[in-house]
Amino acid sequence: MEEQSTPLNPAPSRLIEWILFSILVGISITGPLADPDLWWHLTIGRWIVGHGELPDSELWNRFGFGKPFVPYSWSFEIFVAVLEQLGELKGVLIAQIFLVAVIAIGIAWFFGRVAQDMFFGVLVAAVVTSGFVAQYTLRPQSIVWLLCASLVWLSLEIREKGLSSSRLLGVGVVMVLWANLHITTIIGIAILVSLLFEQGTPRRWLLPLGVGLAATCCTPHLGYEWIVFFSKADHPLGLRSVAEFGPGTILDYPIAILGTLVALLLLLLHSAPRSIPLPLLLLAGVFTLGGLAVVKFLPFALILVGYSVCSAWRHARRTAPHGFTRNLVEGLDRLYKLTSLFSGSGLNFLLLSAIVVKCHRIVTESPVAQTNVPEAAVDFMIKHNLPRPFMNTFGEGGYMMYRLSNKDGELVEEDRVNIDGRTNINDPAIMAANQRALDGRLGWEGYLKRVDPGTILWRNRSPLVAILIASGEWCRVYANGSSEFGHSVFLRRARAGLEGLPPCLMEPSK
């Protein structure tokens with residue numbers, strides 16, 4: 001009997017190839033530590049590990065000090081803090097590489113099960129995983145993408161095969177993990193309601209929904225994270241200046257990936273209009289629009305559209321395909337047979353070698369992305385003990401917290417940051433003033449008046465750098481990178497070069 005062209009349960013050798021291929025795709029989208037939020041997560045994790053409890057008030061932000069604070073990502077923060085203690089930043093970087101490999105493999109497995117075709121599932125998962133390139137870092141949201149993929153698969157299993165104790169337990173475990181990582185559990189609840197709701201069988205959707213809701217309350221704060229979520233619900237629209245809350249554009253690589261998947265989905269739907277459960281299609285459509293409006297939701301859109309494509313593919317292979325679908329099925333079958341010619345230990349060795357080379361390149365370089373993280377500039381500030389308080393931008397605040405705190409995550413009063421990446425802690429007036437200064441708009445002086453800095457750490461690409469150089473009151477004492485990347489450090493001109501402080505740099509003549 002001729003072997004099925006794209007089996008659901010492939011031979012071990014082929015399965016190893018697809019696992020290695022998925023890992024290679026995953027690690028191709030990662031690099032040195034660059035995420036601005038990682039650093040405040042690390043700082044809070046240091047504090048939790050050092051004090052053996054969760055903080056209940058703000059301790060690091062100068063203008064938010066003493067405000068109630070709920071560390072809803074506490075489990076992730078402890079995880080990265082322990083990794084740093086054991087392996088310093090190299091250990092954190094290795095965790096970032098490992099996590100993306102797990103995400104890539106997990107999504108490939110889920111897609112393959114839904115498509116009833118592991119080869120096709122691996123290919124679609126590779127496309128979806130590559131679409132994470134602009135947003136993947138070591139952060140709670142990245143883990144949530146995998147939890148989202150798990151919950152969609154569980155919901156589809158319940159929808160098609162009915163409730164079982166294992167599936168119900170799976171829903172509970174996923175939602176407990178989600179609730180202790182991030183406050184976006186409402187996305188998980190929306191998935192359960194959308195995919196399971198049926199008027200005729202209330203138990204099939206009410207029971208998983210009840211388990212999911214109960215699981216979100218299994219946290220140290222007993223579900224208070226819901227209150228925090230609703231207090232931040234307007235941030236995607238109210239904080240459009242924050243990069244992850246901005247809209248997507250056609251120039252963004254993930255948007256192109258999403259557009260390609262949507263086009264493929266529409267072509268498959270044209271051949272078989274009823275090949276996808278309507279709730280899944282509607283959910284994918286809603287998150288596609290949401291991802292275009294707010295790029296933070298793009299990974300969820302990619303996952304849901306990927307599931308829709310795999311669901312349509314399963315029906316396309318079962319029915320008598322015609323037109324475009326028939327050509328696509330035949331093309332994938334030929335591609336599968338072609339790859340079979342190269343299958344074996346030789347291909348596995350090549351894939352494994354490529355993975356090792358990529359991982360070695362990442363690990364042996366600096367663990368910190370120098371173009372994004374002001375490591376060298378902060379080294380300079382600490383070495384010369386520059387005058388406090390320091391003034392920084394929204395994106396650099398988390399790193400300032402990390403560098404200025406001790407091993408237990410504690411900051412002395414003079415080192416508290418004026419702004420950081422936590423949108424629920426920063427004073428809204430400070431957020432607005434920071435953005436005016438970053439853009440160099442009218443009223444930029446307001447930020448300086450509020451902070452009253454002794455030293456300014458600023459991004460080179462901001463117009464404020466040129467404004468400060470021309471102001472006469474401030475002078476640049478340090479700069480690295482280029483006009484597009486890197487950072488500058490400013491001191492008041494009257495103090496530069498005195499009392500052991502570094503002198504002003506010679507600026508190029510106009």
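Rounded to the nearest 20 Debye, what is the dipole magnitude of the chain about its Cα centre when Lys and Arg each give +1 and Asp and Glu each give -1 at the C-beta?
Result for the chain is approximately 900 debye, rounded to the nearest 20.
Enter the Cα centre distance for the pair region 95-140 and region 45-92, rounded to the nearest angstrom.
Centre-to-centre distance over Cα atoms comes out at 29 Å.
Beyond 12 Å, what share of the Cα-Cα pairs of region 164-203 is found? Please give it as a whole percent.
I get 65 percent for the Cα pairs in region 164-203 exceeding 12 Å.
Can you give the FRET efficiency to the nearest 0.05 for Leu206 and Val286, using r as the Cβ-Cβ distance and R₀ = 25 Å?
E between Leu206 and Val286, to the nearest 0.05, is 0.70.
Could you run the Karplus curve 6.51 cos²θ - 1.76 cosθ + 1.60 with θ = phi - 60° over region 325-333 and give me ³J(HN,Hα) per residue in whole Hz, x for Gly and Pro?
For region 325-333, the Karplus curve yields 4, 4, 4, 5, 4, 5, x, 5, 5 Hz.
Mind listing the lone cysteines of the chain, meaning no other Cys beta-carbon sits under 4.7 Å from theirs?
Cys148, Cys217, Cys218, Cys310, Cys359 - these cysteines have no disulfide-compatible partner (Cβ-Cβ under 4.7 Å) in the chain.
Lys232: which lysines have alpha carbons under 20 Å from its alpha carbon, excluding same-chain residues fewer than 8 sequence positions away?
Here the lysines satisfying the reach criterion relative to Lys232 are Lys67, Lys296.
Which whole-number value in Å³ per residue fits the convex hull of the alpha carbons of region 380-439? If you can, show how the numbers build up before the last one.
Numbers: hull volume 5.7 nm³, N = 60.
Dividing the Cα hull volume of region 380-439 by its residue count gives 96 Å³.
With the contact rule set at Cα under 8 Å and sequence spacing of 6 or more, what percent relative contact order holds for the chain?
Relative contact order, the chain: 19 percent.
Once you wrap a convex hull around the alpha carbon atoms of region 73-162, what is its projected area averaged over all directions, in nm²?
For the Cα atoms of region 73-162, the hull's average projected area reads 6.7 nm².
Pull up all non-local amide H partners of Trp474: gap of 5 or more, or a different chain, and H-to-H distance under 5 Å with H placed in the peptide plane.
Arg493
Filter the GluC sites (Glu not before Pro) in region 435-510 to those in DSSP coil with at most 13 other Cβ atoms within 10 Å of their Cβ, and list the result.
Sparse-neighbourhood loop GluC sites (Glu not before Pro): Glu473, Glu484, Glu499.
With the other protein chains left in place, how much accessible area per residue, in square angstrom, belongs to the chain at a 1.4 angstrom probe?
Per-residue value: 44 Å².
Round to a whole angstrom and tell me the spacing of the C-alpha centers of region 391-420 and region 162-194.
Value for the Cα centre distance between the two parts: 35 Å.
Can you give the local net charge around Val368? Use residues other than it whose beta-carbon is closer than 12 angstrom to its beta-carbon, Lys and Arg +1, Asp and Glu -1.
After counting each charged neighbour, the total is -3.
Given the chain, what whole percent of its Cα pairs are spread farther than 31 Å? Display every interim value, and only then the final one.
Working: 66060 of 129795 pairs.
Beyond 31 Å sits 51 percent of the P(r) for the chain.
If we sort 41-50, 248-257, 157-166 on the protection proxy, mean other Cβ atoms within 10 Å, highest first, what's the order?
Going from most to least packed, we get 41-50, 248-257, 157-166.
Suppose we take every Cα in region 353-413 and form the convex hull; what volume per residue is that in Å³?
120 Å³
Expressed as a whole percent, how much of the Cα-Cα distance distribution for region 353-510 exceeds 26 Å?
Details: 3580 of 12403 pairs.
Across region 353-510, Cα pairs with separations above 26 Å total 29 percent.
Where a Cα-Cα gap under 19 Å defines reach, which lysines qualify for Lys407, not counting those fewer than 8 residues away within the same chain?
Correct list for Lys407: Lys90, Lys383.
Mind ranking 143-150, 81-88, 167-174 by how tightly packed they are, going by the mean number of other C-beta atoms within 10 angstrom, highest first?
143-150, 167-174, 81-88
Whenever you get a sec, line up Val127, Val477 from highest to lowest accessible area (probe 1.4 Å, protein heavy atoms).
Descending order: Val127, Val477.
How much net charge surrounds His41 when only other residues with a Cβ under 12 Å from its Cβ are counted (Lys, Arg +1; Asp, Glu -1)?
Net local charge, His41 excluded: -2.
The values are calculated or read from the model by the stated rules, or taken from the named source; none is laboratory data. Here the structure is a predicted model, which is why all the values come from computation and not from measurement. Glycine gets a Cβ as well: all are built from the backbone with ideal geometry, and neighbour counts include every protein chain shown. Heads up: the accessible areas ignore ligands, DNA and RNA and are worked out on the full protein's heavy atoms, side chains in. Shrake-Rupley method; radii C 1.70, N 1.55, O 1.52, S 1.80 Å.
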